[in-house]
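The values are calculated or read from the model by the stated rules, or taken from the named source; none is laboratory data. No experiment lies behind these values; they were computed from the predicted model shown. No Cβ is skipped: glycine too gets one built from the backbone with ideal geometry, and neighbour counts run over all protein chains shown. Only protein heavy atoms, including side chains, enter the accessible area calculation; ligands, DNA and RNA are left aside. Shrake-Rupley method; radii C 1.70, N 1.55, O 1.52, S 1.80 Å.
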Amino acid sequence: MTAPLASAPALAARHPALDIRNVNKTFLVQGRPIEALAGITLTVEAGAFVSVVGASGCGKSTLLRLILGLDRDYSGEIRLDDRLVDGPGADRAIVFQEHRLLPWLTVEANVGAALLHSGLDKPARRRAVAEHLELVGLEAFAKAYPAQLSGGMAQRVAIARALANRPRFLLLDEPLGALDALTRLRLQEELKRIVASEGATAILVTHDVDEAVYLGHRIVVLHPRPGRIAAVLNVPEVARRDRSSPQFVALRDQVLELLGVVHAPAERGVGAGAETTA
Amino acid sequence: MSIDALSGTARSTARDAAPAAPSRLATALRGTGHALGRSLDWRPWASFGALLLLWFAAHHFGWVERKYLPSPLDVVHRLVVEVTQGTILFDLKETLRRNLAGLVIGVAAGLALGGLLGLSGRLGKIVGPTVLAQRQTALFAWVPLLSMWFGGADPGKIAFIAVAAFQPMVVNTWRGISLVPATYRELSDVLLFSRWTYFRLVAVPSALPMIFTGLHGALIYAWLATVGSELFLNIAPGLGGRLNEGSQLFEIDLLFLAIALFGLVGLAYNTLAERAEALLVRWHAR
């Protein structure tokens with residue numbers, strides 16, 4: 001558990017950056033309570049990249065909404081840098097599965113919208129927008145409208161928007177889930193580079209097990225109904241570097257097994273696309 | 001139409017291919033294609049021409065008694081006489097002035113109240129039903145009341161036109177702003193938008209298509225109300241007054257001329273609204 005922290009210098013305070021304690025969340029569906037999350041306890045150190053995997057309906061996105069502060073109707077505690085979450089804040093940003101760019105604003109205005117209430121003056125905002133568009137390789141498209149972009153480009157703008165305010169926490173809600181396979185691979189690469197360069201603490205929710213292994217320092221496996229943590233696994237550095245390494249394949253198979261996907265013995269081929277069953 | 005469909009395909013292909021420049025070009029092409037298609041399209045003119053022919057024939061062969069149906073040439077002649085020696089241009093100006101005054105008041109009030117209702121869910125629940133009930137009142141039922149309150153002169157007429165413009169404006173603005181997708185509202189929360197930023201960057205642009213629907217309705221209703229106010233309230237300079245004059249003095253050519261002018265202005269308003277909408281809501285054709 002200490003290995004992935006190598007990139008993040010040990011903070012003076014020993015508090016984890018994100019501290020989730022015994023969180024339970026219940027929805028009322030047609031008058032009947034449905035348990036969405038049960039007894040979630042998880043700590044994430046500053047600078048870590050944590051992947052959360054699970055079948056649909058396991059409460060992955062709900063967990064992100066709670067961390068964002070969009071929904072405060074739950075029991076348990078969520079602390080960010082030792083402060084209880086009491087609403088959305090500038091220290092957190094999210095990339096949704098759909099890019100959610102405002103179609104009537106240009107690319108740069110969309111990214112700039114994240115900085116409107118940052119306290120920065122106009123030149124500083126403009127600089128931050130330019131920097132982050134460069135970071136995602138879209139500086140040439142600053143004046144374009146979202147409708148003129150491909151899905152992958154739009155999602156890169158959404159990533160730039162999320163990072164523009166230099167959040168301590170980057171929440172990723174299946175950000176690549178709606179993209180085609182090739183674009184997804186390319187963006188996984190970019191996401192990894194960008195998050196590392198920004199030094200943000202990232203929490204990625206995904207149902208793509210390969211993605212979880214390739215991007216995360218740690219993998220949190222959730223079981224559904226109610227959503228609860230089945231296992232927390234460390235990802236060896238080798239696995240994060242090389243998708244065909246035995247470590248990668250072994251870890252992926254272990255996660256798939258935890259998710260209850262039928263698992264053939266070891267002689268199974270390498271590199272087969274992984275999909276969980278719903 | 002076919003040009004339209006063609007450029008539509010070009011546009012979507014360009015979008016899939018992603019680079020911005022071709023897509024912009026396609027948008028521009030679409031614009032010109034549209035204008036071109038409109039000027040070349042003979043179909044609307046065909047029915048218009050047929051009607052004109054029928055009119056000529058009806059007059060020429062005496063299908064309708066001539067005192068009830070002037071020749072189209074009589075109407076043109078009357079127009080020339082009116083323009084050179086008469087008051088029709090002044091009447092037109094007076095009618096447009098009344099119409100625009102009422103329209104501006106009604107649209108502004110509708111935008112303001114609709115915006116408030118849309119932003120504040122509580123206010124929408126309290127005031128909304130009254131606004132909807134008000135809308136159910138047939139427009140012309142307001143005429144006697146407004147003429148009592150404001151008199152039958154200009155204030156009464158303008159008040160009536162304003163009420164007519166207000167109705168579609170308030171309902172559509174309200175609906176447009178309260179129907180902002182929940183995903184955008186969530187985004188605004190995450191980006192820590194203030195109420196004003198939300199209104200400016202999210203609510204209004206998102207409601208713009210509906211606001212334009214309201215504006216379109218307001219133009220039409222206000223124009224109807226303008227005719228009505230000039231017919232039913234005090235006689236004053238204006239096209240409606242000329243309609244009355246034509247019918248009372250049995251000047252059938254004047255009657256036809258005034259009707260044609262009402263139609264032309266209405267058509268111009270409609271076209272204007274459509275063009276403005278197409279320009280301002282370009283991004284909406286995603």
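Only beta bridges with both residues in chain A are counted; by DSSP, about 55 percent of them are antiparallel.
Considering only Cα atoms, the convex hull volume of chain A works out to 139 Å³ per residue.
Near the amide H of A:Ile94, within less than 5 Å, lie the amide hydrogens of A:Leu171, all on another chain or at least 5 residues away, with H placed in the peptide plane.
Among all stretches of chain A without exposed trypsin sites (Lys or Arg not before Pro) (DSSP loop, at most 13 other Cβ atoms within 10 Å), which one is longest? So the longest stretch without any such site is A:144-267.
For B:Lys157, a cut-off of 16 angstrom between C-alpha atoms picks up these aspartates and glutamates, skipping any fewer than 8 places away in its own chain: B:Asp91, B:Glu94, B:Glu230. Within the full protein context, the accessible area of B:His60 is estimated at about 130 Å² for a probe radius of 1.4 Å.
Take each residue in A:148-154, count the other chain C-beta atoms within 10 Å of its C-beta, and the mean is 4. Using only side-chain charges placed at the Cβ, +1 for Lys and Arg and -1 for Asp and Glu, the dipole size of chain A relative to its Cα centre rounds to 420 debye.
A Förster radius of 56 Å combined with the Cβ-Cβ distance from B:Ala268 to A:Ala250 puts the calculated FRET efficiency at roughly 0.15. Overall dimensions of the protein assembly as shown, expressed as equivalent-ellipsoid semi-axes from the Cα gyration tensor (√(5λ), whole Å, largest first), are 64, 27, 20.
For A:Lys60, the lysines whose Cα comes closer than 18 Å to its Cα, not counting residues fewer than 8 places off in the same chain, are A:Lys25. Here the simple spin-label model places points 7 Å from the Cα toward Cβ, and for B:Phe90 and B:Phe250 these points are separated by 2.8 nm. When B and A come together, around 2400 square angstrom of accessible surface is lost from both chains combined, probe 1.4 Å.
GNM on chain A, alpha-carbon springs under 10 angstrom: the most fluctuating residue among A:Pro236, A:Pro103, A:Pro88 is A:Pro103. Among the residues of B:182-192, the average count of other protein chain beta-carbon atoms within 10 Å of the residue beta-carbon is 6. Under a 5 Å amide H cut-off, with hydrogens placed 1.01 Å from N, A:Phe49 pairs with A:Ala202, A:His217, A:Arg218 among residues at least 5 apart or on other chains. Residue-wise HN-Hα couplings along the range B:58-68, as the Karplus relation 6.51 cos²θ - 1.76 cosθ + 1.60 with θ = phi - 60° gives them from phi, are 4, 6, 5, 8, x, 5, 10, 3, 5, 6, 9 Hz; Gly and Pro carry x. Rounded to the nearest 5, the antiparallel percentage of DSSP beta bridges internal to the protein assembly as shown is 55%. Of A:Gly87, A:Gly47, A:Gly69, the residue with the greatest mean-square motion in the GNM of chain A, using alpha carbon springs below 10 Å, is A:Gly87.
Sparsely packed loop sites in the range B:44-110 (the GluC sites (Glu not before Pro) outside DSSP H, G, I, E and B with at most 13 other Cβ atoms within 10 Å) comprise B:Glu65. Its Cα gyration tensor gives the range B:87-284 an equivalent ellipsoid. The semi-axes, each the square root of 5 times an eigenvalue, are 37, 19, 11 Å from largest down. Here the 3J(HN,Hα) profile of the range B:239-244, calculated from phi with Karplus coefficients 6.51, -1.76 and 1.60 at θ = phi - 60°, is 4, x, x, 5, 4, 4 Hz, Gly and Pro shown as x.
Taken over the range A:92-166, the ratio of Cα radius of gyration to 2.2 N^0.38 Å equals 0.97.
Shown in residue order for the range B:271-278 are the 3J(HN,Hα) couplings computed by the Karplus curve 6.51 cos²θ - 1.76 cosθ + 1.60 at θ = phi - 60°: 4, 4, 4, 5, 4, 4, 5, 4 Hz (x for Gly and Pro).
Between A:Ala140 and B:Lys67, the FRET efficiency estimated from the beta carbon spacing at R0 = 56 angstrom works out to 0.15.
Taking 12 Å as the straight-line reach from the Cα of A:Lys143, the aspartates and glutamates in range (excluding those fewer than 8 positions away in the same chain) are A:Glu108. Database remark: amide H of A:Leu222 closer than 5 angstrom to the amide H of A:Val53, A:Gly54, A:Ala230 (H placed geometrically; neighbours at sequence offset of 5 or more, or on other chains; Pro and chain starts carry no H).
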